[in-house]
Amino acid sequence: MLSACAGGNFRPVSDSPVRIGKPYAVRGTTYVPAAAPAYDVVGYASWYGSESGNRTANGEKFRPGWVTAAHTTLPLPTYVEVTALDTGRRIVVRVNDRGPFAGGGRIIDLSRGAAEQLGMKAQGHAPVRVRRVEPSEKDRARLRKGKPAAALAPLSQRDLQNLRARLAVGGR
């Protein structure tokens with residue numbers, strides 16, 4: 001009884017089952033979760049972290065320092081590579097929550113830990129590429145324990161220019 005009052009009863013951090021979920025509406029917008037194995041979109045990321053201890057959309061405990069994210073429609077959990085379009089820095093993130101629900105071209109909300117690792121925490125938001133990936137089991141295990149995945153080399157200037165051009169014409 002007391003654990004429920006203290007915010008207990010969280011789902012263990014696990015990669016199964018993967019949940020796509022039913023369509024849902026927030027602030028008059030309907031979101032339709034889908035598998036999206038080829039997801040690759042440019043837009044904007046923001047970060048969140050004041051919800052420490054709350055339940056994520058897949059039932060896990062939200063831990064702001066972990067490398068996690070919220071996305072409106074990707075299955076939970078899903079792994080994505082997030083690239084900062086100003087710096088080329090890339091990280092792998094575990095999506096375990098729903099959001100962002102604000103406009104402005106935002107396509108992902110990063111946890112504080114993910115924003116710090118990507119180097120965008122001070123800015124609050126940044127242009128990014130979000131691409132679905134299938135990381136190694138070692139990286140999955142690290143992310144499930146709140147640790148960052150193995151470091152990725154930054155994107156080349158040429159690739160960054162191409163992604164910035166995609167962002168300028170609408171993100172897809």
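Just so you know, all these numbers are worked out from the coordinates, no wet-lab data involved. Since the structure is predicted, the reported quantities are computational estimates derived from the model, not experimental observations. Cβ atoms come from the backbone with ideal geometry, glycine included; neighbour counts cover every protein chain shown.
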May I ask you to list the GluC sites (Glu not before Pro) in region 11-106 that are in a DSSP loop and have at most 16 other Cβ atoms within 10 Å of their Cβ? Glu51
Using the alpha-carbon atoms, what tilt in degrees (0 to 90, nearest 10) does helix 157-168 show relative to the longest principal axis of the chain? 70 degrees
State the number of lysine pairs found in the chain whose Cα atoms come within less than 19 Å, restricting to pairs 8 or more positions apart or on distinct chains. 4
For the chain, just run the numbers: alpha carbon Rg, then divide by 2.2 N^0.38 Å, N being how many residues it has. 1.01
